[in-house]
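What follows is one structure encoded as structure tokens, with my remarks underneath.
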Amino acid sequence: MSTIVGRASRGMTDFQLSPTDVRLRRDLVDEGYTDRDIRRHVRSGSLTKLRYGAYVPTDLVKGLDAVGMMRARSRAVLRTAHPSSVLSHQCALAEYDVPLWGIELGLTHVTRTDGRPGRREAGVVHHRATLGKRQWLLRDGVRVVRPARAVIEVVTSNRPEVGLVVACGVLHLGLSTEAELAEAASLTRHWPFSLNTRIVLSRADRRLTNVAEARVWHFFHEQRIPRPEPQVDVFDAAGNLLGIVDFLWRRLGVFLEFDGRIKYEQHRRPGETVADYVLREKRREEQICLATGWICIRITWEDLARPLVLADRIRRALARRAQG
């Protein structure tokens with residue numbers, strides 16, 4: 001048998017896997033492959049098994065991260081799901097490139113739009129809902145619920161911090177408005193854990209640009225720390241932009257910066273090493289402090305893992321500035 005190949009290799013940031021790229025067992029058998037042939041291609045690495053009876057050429061999924069593999073499995077599920085099924089919950093949000101954090105990625109969530117009962121099977125959760133056309137759409141050949149509904153689905157099935165990350169992501173990307181989120185929430189007000197929805201929507205802010213900032217924002221609310229301004233442009237006396245600080249307590253002259261992998265990956269210049277980037281960040285911080293007289297608090301993922309300790313550190317810094 002000839003080697004099974006796909007169209008072109010794709011990396012994590014260039015996901016273009018079509019539902020038609022998924023090869024069901026029956027498709028392969030119709031092409032003349034036996035079960036033994038299929039197993040041999042899986043063992044050799046030319047074919048990847050996505051789920052029972054569904055495969056994809058390995059070059060199409062090589063290098064995909066956990067979210068990318070979830071998207072690949074979603075396409076396999078849709079190949080055999082009821083025609084009324086659409087991707088929902090985090091599986092839908094992944095199709096809009098919304099950042100996900102703290103969410104189970106091993107399950108595929110689909111919703112039957114015809115109102116028929118939901119069920120569970122290996123690796124798949126079938127939800128039940130009567131969805132009109134206004135609540136779902138076709139995106140790159142994949143049926144998905146609209147972003148606002150997907151956010152509420154995640155919010156009502158996860159912790160508020162997890163829900164806040166996706167709500168801020170959808171708002172920041174311009175995929176939904178606050179009014180659209182509120183409308184979607186009103187349609188699901190009788191769902192379990194709807195209290196989470198009220199908490200998340202009251203905190204969601206489109207100015208928060210990534211997972212780290214959304215989690216820090218959640219931390220401020222949970223620890224009762226006075227809320228700063230997020231994403232503030234800072235200029236020198238001549239009006240030149242010195243930089244954008246993550247969070248600013250303007251009256252106290254304190255700004256907070258989050259140090260994490262996201263910044264290293266997104267903001268490094270071409271050819272710039274991590275060490276070069278860190279040095280540039282330190283110079284930027286120094287320029288801002290000299291021009292404004294402010295002080296900087298830097299935090300990391302490890303700090304967020306110890307919220308009580310971090311909260312005490314921030315309160316002490318704010319109190320010292322308040323005392324002059």
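The values are calculated or read from the model by the stated rules, or taken from the named source; none is laboratory data. These numbers come from a predicted model, not from an experiment. Neighbour counts are summed over all protein chains in view; Cβ atoms, including those assigned to glycine, are modelled from backbone coordinates with ideal geometry.
Observations on the model:
- Qualifying residues in the stretch 281-295 (those that are of a type outside the set (D, E, K, R), assigned to a helix (DSSP H, G or I) and in contact with a Gly (Cβ under 9 Å, 6 or more places away or on another chain)) - the one nearest to R250 (Cα to Cα): T292
- Scanning the stretch 149-161 for residues that are surrounded by fewer than 23 Cβ atoms within 10 Å (Cβ to Cβ) and part of a helix (DSSP H, G or I) returns P160, E161.
- The stretch 64-85, residues that are among the small types (G, A, S), in contact with a Ser or Thr (Cβ under 6 Å, 6 or more places away or on another chain) and closer than 14 Å to G123 by Cβ: S74
- Residue match in the stretch 63-72 (condition: free of Cβ contacts under 8 Å to residues at least 24 places away in the same chain, assigned to a loop (DSSP other than H, G, I, E, B), exposed (fewer than 14 other Cβ atoms within 10 Å of the Cβ) and out of contact with any strand residue (DSSP E or B) (no Cβ under 8 Å at 6 or more places or on another chain)): no
- Qualifying positions in the stretch 197-227 - over 19 Å from R306 (Cβ atoms) and crowded, with 22+ Cβ neighbours inside 10 Å: T197, V200, A204, L208
- Subset of the stretch 24-44 [touching a strand residue (DSSP E or B) at 6+ places or on another chain (Cβ under 8 Å) and assigned to a helix (DSSP H, G or I)]: R25, L28, I38, H41, V42
- From the list R75, R120, the one residue that fits, being part of a helix (DSSP H, G or I) and within 25 Å of N158 (Cα to Cα), is R75.
- Criterion applied to G271, G260 was being modelled with pLDDT under 95 and surrounded by 14 or more Cβ atoms within 10 Å (Cβ to Cβ), and the one residue passing it is G260.
- Selection from the stretch 176-208 of residues that are polar (S, T, N, Q), modelled with pLDDT under 95 and part of a loop (DSSP other than H, G, I, E, B): T188
- From the options R283, R316, R306, residue that is more than 15 Å from E257 (Cα to Cα) and over 29 Å from the mean Cα position of the chain (by Cα): R316
- Filtered by the rule that a residue be surrounded by fewer than 16 Cβ atoms within 10 Å (Cβ to Cβ) and without any contact (Cβ under 8 Å) to a residue 40 or more places away in the chain, the stretch 85-106 gives E104, G106.
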